[in-house]
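Below: one structure, written as structure tokens.
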Amino acid sequence: MRGKARISVALCTRNRARELERTLHSLLAQDYPAPLMDLTVLDDASDDGSDKSAGKLLGSFICAGWVGARLLRNSSRADIARGRERLQGELAGESRYALYLDDDVVLPPDLVSSLVSAAERDPSLGVAGPRICFLSDPGRTAHSANFVGRFNGRYREMDSTSPLDCDWLNSSCFLIRTEALRRSGGFCGDYINAHEEVDFCLGVGLAGFKVRYIPSVKVLHDIEMKAPKKERLYYLYRNKLWVIRRNFSFPLKALQLAFLLLGGTPLHLLESLRRNRGTDPAELLIVLKAALAGAFGAVPERVKRLP
């Protein structure tokens with residue numbers, strides 16, 4: 001184990017007791033040296049017993065030789081972005097990397113060792129993420145390398161058979177160099193539940209690190225692509241504009257905001273009409289409020305980066 005890096009695993013969960021157990025079992029099966037790993041699970045005020053499911057399994061990690069395994073619990077729901085932000089303050093000080101996980105992924109045994117190996121070969125690598133496929137269809141990619149259009153602000157996804165540097169990766173499973181986490185300012189909890197990983201990865205890039213997609217490593221994610229829940233729509237639309245305002249400088253910012261407001265907002269309104277097969281005044285109002293708040297409302301300042 002001499003020379004190998006210390007890893008802190010950070011996992012957020014809410015009301016997914018069965019999925020969480022499956023994720024923890026796949027984490028326990030990692031081939032990376034257990035004495036170099038610790039785990040923190042943050043339960044976001046679950047009411048289905050997710051915290052109890054996690055608590056029962058944490059002892060197995062200690063028995064397996066992990067240096068630490070603990071459960072934290074929010075007294076009230078805080079949502080995923082605030083959870084990721086809280087967990088970055090809970091990382092072991094000596095950890096060289098942090099592995100962020102969602103509670104509904106299934107990991108291959110070599111996940112940690114493969115991503116760490118890629119990062120150790122390139123000190124400029126700040127974030128490394130695997131190919132994420134559907135659990136229900138393991139041959140189909142759900143998330144790969146993502147890019148933000150420099151002139152229009154639009155997101156674009158690109159798959160690859162070889163490692164590919166990109167703008168951002170899906171945060172259901174990725175490895176972060178803790179130095180990049182500190183220098184970028186980390187996750188911004190004010191995003192609540194959408195686009196926080198885009199903002200984070202762009203901040204990592206601005207801090208001088210690379211974000212890299214590693215397609216040879218495959219993780220399964222228990223999701224299905226479907227229309228977003230209405231209570232999430234506001235953050236989906238507002239936060240995309242926040243991403244532009246926080247991570248791009250003028251005049252690119254002006255071009256992107258103009259494109260997204262003049263081109264994107266009408267499309268979102270039309271999508272609402274299509275999705276609801278008619279007018280839903282409450283949803284249309286959400287879209288308009290999100291556009292105004294994203295473009296003209298106050299945004300949280302990025303944490304000052306360390307020199």
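State whether one or more residues within region 101-110 are closer than 18 Å to ARG6 by Cα and in contact with a Ser or Thr (Cβ under 7 Å, 6 or more places away or on another chain). Talk me through it step by step, then tell me what you get.
Within region 101-110, the first condition is being closer than 18 Å to ARG6 by Cα, and the residues that meet it are 101, 109-110.
This time we only want the ones that are in contact with a Ser or Thr (Cβ under 7 Å, 6 or more places away or on another chain), so: 101.
Checked against the condition, which is being closer than 18 Å to ARG6 by Cα and in contact with a Ser or Thr (Cβ under 7 Å, 6 or more places away or on another chain), region 101-110 yields at least one hit.
Residue by residue, here is whether (1) in contact with a strand residue (DSSP E or B) (Cβ under 8 Å, 6 or more places away or on another chain); (2) in the same structural domain as VAL116 (by TED's automatic domain parsing); (3) under 11 Å from VAL127 (Cβ atoms); (4) crowded, with 22+ Cβ neighbours inside 10 Å holds:
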{"residue": "GLY153", "(1), (2), (3), (4)": "no, yes, no, yes"}
{"residue": "ILE176", "(1), (2), (3), (4)": "yes, yes, yes, yes"}
{"residue": "GLY203", "(1), (2), (3), (4)": "no, yes, yes, yes"}
{"residue": "LEU236", "(1), (2), (3), (4)": "no, no, no, no"}
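Within the set of pairs 6 or more residues apart or between chains, which connect a residue that is outside the structural domain of LYS240 (by TED's automatic domain parsing) inside region 268-290 to a residue that is surrounded by 15 or more Cβ atoms within 10 Å (Cβ to Cβ) and in a helix (DSSP H, G or I) with Cβ atoms less than 8 Å apart?
No pair meets every condition.
Residue by residue through region 24-46, note down the ones that are farther than 12 Å from LEU71 by Cα, in contact with a helix residue (DSSP H, G or I) (Cβ under 8 Å, 6 or more places away or on another chain) and not in a helix (DSSP H, G or I).
Passing the criteria: GLN30, ASP31, TYR32, MET37, SER46.
For every residue, the table says whether it meets (1) within 17 Å of the chain's Cα centre (by Cα); (2) more than 30 Å from LEU262 (Cβ to Cβ); (3) among the basic types (Lys, Arg).
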| residue | (1), (2), (3) |
| --- | --- |
| SER60 | no, yes, no |
| ALA92 | no, yes, no |
| ARG131 | yes, yes, yes |
| PRO138 | no, yes, no |
| ARG154 | no, no, yes |
| SER160 | no, yes, no |
| TRP168 | yes, no, no |
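Quick one: in region 4-32, of everything that is in contact with an Asp or Glu (Cβ under 9 Å, 6 or more places away or on another chain) and small (Gly, Ala, Ser), which residue is farthest from LEU220 (Cα to Cα)?
Looking at residues that are in contact with an Asp or Glu (Cβ under 9 Å, 6 or more places away or on another chain) and small (Gly, Ala, Ser), I get ALA5.
Restricting to region 1-25, what's the tally of residues that are under 19 Å from TYR97 (Cα atoms), buried (at least 16 other Cβ atoms within 10 Å of the Cβ) and either hydroxyl-bearing (Ser, Thr, Tyr) or modelled with pLDDT under 95 (or both)? Spell out how you get there, then give the answer.
Initial filter on region 1-25 (under 19 Å from TYR97 (Cα atoms)): 1-12, 24.
After this cut, where a residue has to be buried (at least 16 other Cβ atoms within 10 Å of the Cβ) as well, the list is 5-12, 24.
So of that shortlist, the ones also either hydroxyl-bearing (Ser, Thr, Tyr) or modelled with pLDDT under 95 (or both) come out as 8.
Adding up the residues that qualify gives 1.
Within region 76-90, is there a residue that is surrounded by fewer than 14 Cβ atoms within 10 Å (Cβ to Cβ), among the hydroxyl-bearing types (Ser, Thr, Tyr), at pLDDT 95 or above and in a loop (DSSP other than H, G, I, E, B)?
First, pick out the residues of region 76-90 that are surrounded by fewer than 14 Cβ atoms within 10 Å (Cβ to Cβ): 76-77, 89.
Now restrict to residues that are among the hydroxyl-bearing types (Ser, Thr, Tyr): 76.
Checking which are at pLDDT 95 or above leaves us with 76.
From the residues that got through so far, the ones that are in a loop (DSSP other than H, G, I, E, B) too are 76.
Within region 76-90 (the criterion being surrounded by fewer than 14 Cβ atoms within 10 Å (Cβ to Cβ), among the hydroxyl-bearing types (Ser, Thr, Tyr), at pLDDT 95 or above and in a loop (DSSP other than H, G, I, E, B)), the answer is yes, since at least one residue qualifies.
The values are calculated or read from the model by the stated rules, or taken from the named source; none is laboratory data. Since the structure is predicted, the reported quantities are computational estimates derived from the model, not experimental observations. As a convention, Cβ positions derive from the backbone with ideal geometry for all residues, glycine included, and neighbour counts pool all protein chains shown.
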